[in-house]
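A.B. asks: There's a structure below that I have some questions on.
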Amino acid sequence: MSNPYIPKKVEILGVLDESRDVKTLRLDVRNSKHEPGQFMELSVFGYGEIPVSISSSPTLRDYIDLSVKNVGSVTSVVHEAEPGDIVGVRGPYGRGFPVKDVGGCDLLFIGGGIGLAPLRSFIDYIRDEREGFGDVSILYGARTADDMVFKQEFDDWRSMFDLHLIADMESSGWYGRVGFVNELLSDVSPDIKNTYAIVCGPSIMMKSVLKSLKDMQFPDEQIMLSFERRMKCGIGKCGHCNIGDRYVCIDGPVFRYDKVKGYREIWG
Amino acid sequence: MGSDIEDALRGEAEKLLSKGDVDLVLGYCMEGDRVVPCFISSAGEVKRLVWNNRCKNNLAVYLRDLKVRVAVVAKGCDSRAILELLKAKQLERDDLVILGVSCKGMVDREGVEYRSCGICLHRNPVIYDVLLGELVKEKEVRDVDELESLSLGKRLEFWSKQFNKCIGCLACRNACPMCFCEECVLEKKDPEWITRAGDVSDIFLLHAIKATHMAGRCIECGECERACPVDIPLMHLYSRVCRDVEELFGVESGMDQKDKPPLAVFDLERDAMWEENEKNKKR
Amino acid sequence: MKKIRRDDVVKLINELRKNYEVIAPVKLDGVVYFKSIGEGDVITLDYVNSAVSPKEFFLPQRERILEFTESGEKVTVREDLKSKKRVFFGIRPCDVNALLVLDSVAREEFEDPYYLDRRDNTLLISLECIEPGDDCFCTVFNTGPSLDEGADLVLTDLGDSYLVNSLTDEGRMLVSESELLKDASKTDEQKADKKIAECADSMEKLDLGNFSVDEESIKERANRCLYCYSCTFICPTCYCFDVVDRMDHYSGRGDRMRFWDSCMNPSFTEMAGNFNPRDGKAGRFMNRIKHKLEYMPSRHKVYGCVGCGRCISNCPAGISILDIIRCGVSK
Amino acid sequence: MEAINGEGGFEPRIVGFLCNWCSYAGADLAGTSRIEYPPNLRAIRVMCSSRVNPVFVLKAFQDGADGVFIGGCHPQDCHYMDGNYYARRRFMLLGRLIEYMGINPERLRVEWVSASEGDRFARIVREFTSDLKMLGPLDLKKRVCDGI
């Protein structure tokens, strides 16, 4: 019986600053077979374990990226990590985006803040497997321009996809739009019959984006949501991350909206 | 027992609710064969209210969360808790109508009196707006705590054995009407005084810390002991602290609106005398 | 079938102790616990059920799941993962069924090695009930008072002796050597059946055919609940746990511990950054009840309540899950 | 805490919480005056004796201290006017509580030592150390865990 609680020790290859409170750990995990949207349990021995979305595409063979926002006791230690340090990982866990089901269709990515991390995994996957998918639009909002993550990818994405950015607040050096990310929906005119919306971000943002998507007559089956909950084990044992009878860790984190629609407390 | 009181209670509750003086009456009702706390919000429901010798719950525990005007049935211990909460500015006196009622000691399902009721010296409500029934004669002399006679080693052994049973559920804290801190030292994570998933010595520490925090606050209602699923006699600990506070600082919590929290004030002469006393006792 | 004299039960346990660690009920200050029996422990056979459920011997209140060094260069599993062979004596049918519930969680998709190791290495000797406790309602979920599967041996009280029925080969082997067991007669078996039937008849039965959780009945009780967490800690089927790392910076060694957590605690769902998807007391209460009566059946095809009645007996606010079930039936 | 290994026999471990303005200065004076006193006391400087939370004391006992010493300014000399008065009440109560729970109250010692009383500080530490030697090790963690 293999023990799913034992983390694999991996070396940190690099630490990238994404924004003032987000860092990406580049880990020495080769030939990862994860699905975009899955997560890993990242251990800092002696401090604890946290679930983190994999933000790199499975098409990259030499490493995986985990992007971590500094919000709590474990993540603050993660932010002190340096290349060469050893951390533990378990996973990949959960159900990612249904890559096969949405093949050939147009995709509308809507991300908020650090919620872009799992989307980036999918977006970069499409970049590398371009012919399998239709048109791709990316709508991304963050609190300020400084809070935007994966900025180094933006030029690349612009060249291949339709990228729209927005910041909640003005800040010096930001000449783009100011407002909430659902306002960007008016910039795109997706062919609703043939488009999947893929949403990840803070609860309140997902809730308002969902409302806008419903206003645009998006069917529930074509909306994919990636949820975040307090998780401890990542493997459906500890009971913390339930939404109704579903566990976010093993049934999610990606849910098709029609599958969770009826549950209490999906938004909190 | 108490059918007159029950009638008076229902009458008073009906009056208060129908006149609109309160939004809610907090009392007891029957549910199956159990007497449980209940919230009555309309005059038509007052028939559900009961008063008997199984109304064990300290209703003060609910008051802080109720943001409406409440009439509350208060025994001796409930009223002491209310008084102490009022002093701590946790309740608004104007939002409260206290329906005082004297207690004859509560019993469990088997008819056995709770230990906290057995040792109680304050069965009459200390603060009330309406008195239902009459005041009763109170016990005047405290029972001797049998644990006092044990040697130090035996006492440590006793508590270690008791705490070995503890499953760390914190029911004793959660059921306590006087535990109202927003952030509890027992669950604090940085610094983590009580190691989560620690050993029995952490449980020992947990109960010792809780006991220090009950000083000048515990009103000896026994809710902690009743909530404990493994029957740890916690009241021994808290009663001891209450007795010490009484002896050292001359204050019994929940008895007088004018008393100050004993650990937030000092009395130079008295404290110096007791300091000397305590030192001499040790030698 | 076999039988054993009442006075011989303790002797049997002492025989078993030669080869097994034996867990059996003992009484301390009038409260019954299951305990790993050592020299001098007095086993009691006179009890309805234990205060804390037997789950603590399978999913302990706190356990070390990993050991590691500070730099993370060495990570080892708990050393005693291969547990000793154990015999659990005196577990009630409801609690055996509770273990079956925990099994379904532990075996779903990923296997929980710590739980299953203990589970696989423990033989269960169940004691059927001939008299229900005040708050027992196992008949509602068909989890008692008799037991047909889940344990290795089942004992039924006949007064001066116990009928012994082996449900598994391991159970049969366990007592095959013992001279304390004698052959039981047909009359003994009939007597046992009659006692069990009498016990079952005296208890409540509900038709759960079109049961659905009645939310109104929950809301009212959620107000009254003190959120003391004790129900979740003593429940035989509550399995939620929290995980914490401990590090001793002097020695550079640390452990990863898991310990029981309660869904009644507001921090249960609180994430870093103070976002709590399940805010409010009523939401927590609703989740606990629905988890047992709605989510477990839909996910694992088994009710998450076995009718042991512990939460009812111990609730300081007198809340009864049976009342909530009744409301959902009659609706 | 690591044990001090004296020349055979038991060397008690004492955690001392010393107030910045009086007792700590008193300990300092004892040192600079080269007054000898046992090395058993590990000093922790606090700004005032009332800074010492009963939790600190209990935690020290749990972590292996055989005795806890709290040093503050003499009554009426508190740098913050009345901090030591609160401390006095608090630790009178804590002493009684630990006694009730089975820990000898002599293991908790509260003394008022001024900045000029270096010799007195040394004498108290000597006295406390020898008292604790008589009492023997506390070993709270082990005794509680073993239930004996």
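The values are calculated or read from the model by the stated rules, or taken from the named source; none is laboratory data. Predicted model only: the values in this text are computed from it and were never measured. Here the Cβ is made from the backbone with ideal geometry for all residues, glycine too, and neighbour counts use every protein chain on show.
A.B. asks: Looking at the stretch B:22-123, what strands (runs of 3 or more DSSP E) fall wholly within it and have at least 2 residues that are touching a residue at least 24 places away in the same chain (Cβ under 8 Å) and of a type in the set (Gly, Ala, Ser)? Before the answer, list the steps.
C.D. replies: Numbers: elements: B:24-31, B:34-40, B:70-74, B:96-101.
Fully inside the stretch B:22-123 and qualifying: B:70-74.
A.B. asks: Which helices (runs of 4 or more DSSP H) does the stretch B:163-232 wholly contain that include 3 or more residues that are more than 13 Å from chain C (Cβ to nearest Cβ)? Full working, then the answer.
C.D. replies: Working: elements: B:171-174, B:200-214, B:223-227.
It comes to B:200-214.
A.B. asks: Right, another one. Can you run down the residue pairs with Cβ atoms below 8 Å, 6 or more apart or on separate chains, where the first is in the stretch C:273-294 and within 14 Å of A:GLY239 (Cβ to Cβ) and the partner is among the aromatic types (Phe, Trp, Tyr) and part of a helix (DSSP H, G or I)?
C.D. replies: Sorted first by the residue in the stretch C:273-294, then by its partner, the pairs are C:ARG278/C:PHE268; C:ARG284/C:PHE268.
A.B. asks: Which of (1) farther than 21 Å from B:CYS172 by Cα; (2) hydrophobic (A, V, I, L, M, F, W, C); (3) touching a helix residue (DSSP H, G or I) at 6+ places or on another chain (Cβ under 7 Å) is the odd one out, the single condition B:LEU66 does not satisfy?
C.D. replies: Going through the list (1) farther than 21 Å from B:CYS172 by Cα; (2) hydrophobic (A, V, I, L, M, F, W, C); (3) touching a helix residue (DSSP H, G or I) at 6+ places or on another chain (Cβ under 7 Å), B:LEU66 breaks only (3).
A.B. asks: Against the conditions (1) of a type outside the set (Val, Ile, Thr); (2) modelled with pLDDT of 90 or more; (3) surrounded by fewer than 19 Cβ atoms within 10 Å (Cβ to Cβ), where does A:LEU139 fall short? Just the number, please.
C.D. replies: If we test A:LEU139 against (1) of a type outside the set (Val, Ile, Thr); (2) modelled with pLDDT of 90 or more; (3) surrounded by fewer than 19 Cβ atoms within 10 Å (Cβ to Cβ), just (3) comes out false.
A.B. asks: Go through the stretch A:210-267 residue by residue and tally those that are crowded, with 19+ Cβ neighbours inside 10 Å, within 13 Å of chain C (Cβ to nearest Cβ) and of a type in the set (Phe, Trp, Tyr).
C.D. replies: Residues that pass the stated criteria total 2.
A.B. asks: Still on this structure, I have one more. Taking A:VAL149 and the conditions (1) out of contact with any Lys or Arg (no Cβ under 9 Å at 6 or more places or on another chain); (2) modelled with pLDDT of 90 or more; (3) not aromatic (Phe, Trp, Tyr), which numbered condition does it fall short on, given that it satisfies the others?
C.D. replies: The single condition A:VAL149 does not satisfy is (1).
A.B. asks: If I filter the stretch B:140-157 down to residues being farther than 15 Å from B:SER239 by Cβ and facing chain D (nearest Cβ under 8 Å), which single residue comes out as surrounded by the most Cβ atoms within 10 Å (Cβ to Cβ)?
C.D. replies: The selected residue is B:LEU156.
A.B. asks: Among (1) closer than 18 Å to B:PHE180 by Cβ; (2) in contact with a helix residue (DSSP H, G or I) (Cβ under 7 Å, 6 or more places away or on another chain); (3) surrounded by fewer than 23 Cβ atoms within 10 Å (Cβ to Cβ), where does B:PRO261 come up short?
C.D. replies: (2)
A.B. asks: Taking only pairs six or more apart or across chains, which ones have beta-carbon atoms under 7 Å, a first residue in the stretch D:121-148 that is at the interface with chain B (Cβ under 10 Å from one of its Cβ atoms), and a second residue that is of a type in the set (Ser, Thr, Tyr) and surrounded by 15 or more Cβ atoms within 10 Å (Cβ to Cβ)?
C.D. replies: The qualifying pairs are D:LEU140/B:SER201; D:LYS141/B:SER201; D:ARG143/B:SER160; D:VAL144/B:SER160; D:VAL144/B:SER201; D:CYS145/B:SER201; D:GLY147/B:SER160.
A.B. asks: Could you tell me whether any residue of the stretch B:146-161 is outside the structural domain of B:GLU84 (by TED's automatic domain parsing) and within 19 Å of C:CYS228 (Cα to Cα)?
C.D. replies: So far as the stretch B:146-161 goes, no, none of its residues is outside the structural domain of B:GLU84 (by TED's automatic domain parsing) and within 19 Å of C:CYS228 (Cα to Cα).
A.B. asks: Restricting attention to the stretch A:77-107, which residues are in a loop (DSSP other than H, G, I, E, B), surrounded by fewer than 22 Cβ atoms within 10 Å (Cβ to Cβ) and within 14 Å of another protein chain (Cβ to nearest Cβ)? Let's see the steps before the verdict.
C.D. replies: We begin by selecting, within the stretch A:77-107, every residue in a loop (DSSP other than H, G, I, E, B); these are A:79-85, A:94, A:96-105.
Of the ones still in play, those that are also surrounded by fewer than 22 Cβ atoms within 10 Å (Cβ to Cβ) are A:79-85, A:98-105.
Listed by number, the residues that qualify are A:HIS79, A:GLU80, A:ALA81, A:GLU82, A:GLY84, A:ASP85.
A.B. asks: Here is a follow-up. Sort through B:LYS139, B:LYS154 and tell me the only one that's farther than 27 Å from B:LEU16 by Cβ and over 20 Å from the mean Cα position of the chain (by Cα).
C.D. replies: Details: B:LYS139 fails: over 20 Å from the mean Cα position of the chain (by Cα).
B:LYS154 is the lone residue from the list that is farther than 27 Å from B:LEU16 by Cβ and over 20 Å from the mean Cα position of the chain (by Cα).
A.B. asks: Can you tell me how many residues within the stretch D:113-140 are in a helix (DSSP H, G or I) and buried (at least 19 other Cβ atoms within 10 Å of the Cβ)? Break it down into steps so the answer makes sense when it comes.
C.D. replies: Of the residues in the stretch D:113-140, the ones in a helix (DSSP H, G or I) are D:118-135, D:140.
In the following step, the residues that additionally are buried (at least 19 other Cβ atoms within 10 Å of the Cβ) were identified as D:118, D:121-122, D:124-125, D:128-129, D:132, D:140.
Count: 9.
A.B. asks: From A:ILE166, A:ILE192, A:ILE110, A:ILE114, which residue is crowded, with 24+ Cβ neighbours inside 10 Å and farther than 22 Å from A:ILE64 by Cα?
C.D. replies: Residue meeting the stated conditions: A:ILE110.
A.B. asks: D:VAL110 passes all but one of (1) assigned to a helix (DSSP H, G or I); (2) within 14 Å of another protein chain (Cβ to nearest Cβ); (3) of a type in the set (Val, Ile, Thr); which number fails?
C.D. replies: D:VAL110 satisfies every listed condition except (1).
A.B. asks: Could you list, in sequence order, the residues of the stretch A:30-66 that are aromatic (Phe, Trp, Tyr) and surrounded by 24 or more Cβ atoms within 10 Å (Cβ to Cβ)? Talk me through it step by step, then tell me what you get.
C.D. replies: At the first step, the residues of the stretch A:30-66 found to be aromatic (Phe, Trp, Tyr) are A:39, A:45, A:47, A:63.
Result: A:PHE39, A:PHE45.
A.B. asks: Residues being basic (Lys, Arg) and away from every other protein chain (no Cβ under 13 Å): count how many of those fall in the stretch B:254-266. First the steps, then the outcome.
C.D. replies: The first filter runs over the stretch B:254-266 and keeps only residues basic (Lys, Arg), leaving B:258, B:260.
Filter once more, keeping what is away from every other protein chain (no Cβ under 13 Å): B:258.
Looking only at that region, the number is 1.
A.B. asks: If I filter the stretch D:75-89 down to residues being charged (D, E, K, R) and in a helix (DSSP H, G or I), which single residue comes out as nearest to D:LEU18 (Cα to Cα)? Before the answer, list the steps.
C.D. replies: Let us first name the residues in the stretch D:75-89 that are charged (D, E, K, R), namely D:77, D:82, D:88-89.
So of that shortlist, the ones also in a helix (DSSP H, G or I) come out as D:88-89.
Working: D:ARG88: 14, D:ARG89: 17 Å.
Here the residue is D:ARG88.
A.B. asks: Can you work out which of the residues in the stretch B:32-49 that are buried (at least 19 other Cβ atoms within 10 Å of the Cβ) and over 21 Å from the mean Cα position of the chain (by Cα) is farthest from the other protein chains (Cβ to nearest Cβ)?
C.D. replies: B:VAL46
A.B. asks: Residue under question is C:CYS308, and the condition is that it be out of contact with any strand residue (DSSP E or B) (no Cβ under 6 Å at 6 or more places or on another chain) and either within 14 Å of chain A (Cβ to nearest Cβ) or in a helix (DSSP H, G or I) (or both); does it hold? If you could, list the steps in order and put the result at the bottom.
C.D. replies: Numbers: out of contact with any strand residue (DSSP E or B) (no Cβ under 6 Å at 6 or more places or on another chain): yes; either within 14 Å of chain A (Cβ to nearest Cβ) or in a helix (DSSP H, G or I) (or both): no.
No.
A.B. asks: I'm checking my understanding of the structure. Among residues of the stretch C:108-130 that are out of contact with any strand residue (DSSP E or B) (no Cβ under 8 Å at 6 or more places or on another chain) and more than 9 Å from chain A (Cβ to nearest Cβ), which one is nearest to C:MET296 (Cα to Cα)? Let's see the steps before the verdict.
C.D. replies: Keep residues of the stretch C:108-130 that are out of contact with any strand residue (DSSP E or B) (no Cβ under 8 Å at 6 or more places or on another chain), which gives C:108-113, C:115-117, C:119-120, C:129.
Okay, now just the ones that are also more than 9 Å from chain A (Cβ to nearest Cβ), so C:119-120, C:129.
On the way: C:ARG119: 20, C:ASP120: 23, C:CYS129: 26 Å.
Checked the stretch C:108-130; the qualifying residue nearest to C:MET296 (Cα to Cα) is C:ARG119.
A.B. asks: What is the number of the single condition among (1) polar (S, T, N, Q); (2) outside the structural domain of A:ASP147 (by TED's automatic domain parsing); (3) at pLDDT below 90 that A:SER189 does not meet?
C.D. replies: Every condition holds for A:SER189 apart from (2).
A.B. asks: Of the conditions (1) touching a Pro at 6+ places or on another chain (Cβ under 6 Å); (2) more than 7 Å from every other protein chain (Cβ to nearest Cβ); (3) not in a loop (DSSP other than H, G, I, E, B), B:VAL251 fails just one. Which one is it?
C.D. replies: Single failed check for B:VAL251: (3).
A.B. asks: Does B:ALA215 satisfy the condition of being aliphatic (A, V, I, L, M), crowded, with 24+ Cβ neighbours inside 10 Å and modelled with pLDDT of 95 or more?
C.D. replies: Numbers: aliphatic (A, V, I, L, M): yes; crowded, with 24+ Cβ neighbours inside 10 Å: yes; modelled with pLDDT of 95 or more: no.
Taking the combined requirement at face value, the residue does not satisfy it.
A.B. asks: Here's a follow-up. Restricting to the stretch D:89-120, give me the number of residues that are among the aromatic types (Phe, Trp, Tyr) and free of Cβ contacts under 8 Å to residues at least 60 places away in the same chain. Can you show your working first?
C.D. replies: Filtering the stretch D:89-120 for residues among the aromatic types (Phe, Trp, Tyr) gives D:91, D:100, D:112.
If we keep only those that are free of Cβ contacts under 8 Å to residues at least 60 places away in the same chain as well, we get D:91, D:100.
Number satisfying all stated conditions: 2.
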